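So the structure is just underneath, and the comments pick up after that.
The values are calculated or read from the model by the stated rules, or taken from the named source; none is laboratory data. Keep in mind the model is a prediction, meaning the values are calculated, not measured. Methodologically, a virtual Cβ is constructed for each residue, glycine included, from the backbone with ideal geometry; neighbour enumeration extends over all protein chains shown.
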Ligand code: BG6
Ligand code: MG
């Protein structure tokens, strides 16, 4: 068992199931445009920035879109997505996740969010975790999205810790790569559980108690 001084959590698909809302909002857009989009393609959007996600979806359209058109499409998706986020309440934070976070904090770990999302602050507020984390680094503060290591290096620095003393928890393959490139250990869950770069492969969030407790 390793004792980590800090744990950096991805948000969408790790702390809460906003990954589902991302999927539904992209699916609505793709359907309207007549572009093929499914769960398998959606897995390639995990951890990837909003505009890069749109590029992946549009690459199946066989059409060229101008930057202005792309901005409009990204806004349409984001407005739809934010309507789902606005429905969220603290009930959307599972007792398993909240109990595990509280346990890790009590055992002395510093806790951070490292997310590509520009909606991270809004999500944390909706699920009742505003002000809970020792540091929050999100898509508004970084220039390079995952798999670039910037978000996790920045989160470790904000925690006042060396990356090698931090564990990153991720559901995205690009997120695991970003963590390892930052010098952190990585725990994969969901789609990232299969990553060979991850040191831990979590079947449930609460398994972090054994990894870090
Ligand atoms: C990541 C998601 O957390 O945030 C990606 O895994 C998403 O799917 C990215 O594209 C950007 O999110 P947002 O909320 O800024 O559109
Ligand atoms: Mg994620």
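Taking the numbered list (1) closer than 22 Å to residue 158 by Cα; (2) surrounded by 13 or more Cβ atoms within 10 Å (Cβ to Cβ) in turn, residue 80 passes all entries but (1).
Based on what the data block shows, is residue 155 in the same structural domain as residue 103 (by TED's automatic domain parsing), in contact with a strand residue (DSSP E or B) (Cβ under 8 Å, 6 or more places away or on another chain) and outside any strand (DSSP E or B)? Yes: the conditions hold for residue 155.
Being within 13 Å of ligand 1 (Cβ to nearest atom), closer than 24 Å to residue 205 by Cβ and in contact with a strand residue (DSSP E or B) (Cβ under 7 Å, 6 or more places away or on another chain) is the requirement here; does residue 137 meet it? Judged against the criteria, residue 137 is a match. Taking each residue of region 97-124 that is touching a residue at least 40 places away in the same chain (Cβ under 8 Å) and under 28 Å from residue 45 (Cα atoms) and looking for partners that are in a helix (DSSP H, G or I) and within 12 Å of ligand 2 (Cβ to nearest atom) with beta-carbon atoms closer than 7 Å, six or more apart or interchain, yields 113/120; 114/151; 116/151; 123/18. Among the candidates 72, 77, the residue that is within 16 Å of ligand 1 (Cβ to nearest atom), touching a residue at least 40 places away in the same chain (Cβ under 8 Å) and not in a strand (DSSP E or B) is uniquely 77. Taking the conditions (1) closer than 30 Å to residue 210 by Cα; (2) surrounded by 14 or more Cβ atoms within 10 Å (Cβ to Cβ); (3) touching a helix residue (DSSP H, G or I) at 6+ places or on another chain (Cβ under 8 Å) in turn, residue 99 satisfies each one other than (2). The residue list 62, 47 contains one member that is on the phi > 0 side of the Ramachandran plot, surrounded by 15 or more Cβ atoms within 10 Å (Cβ to Cβ) and outside the structural domain of residue 160 (by TED's automatic domain parsing), which is 47.
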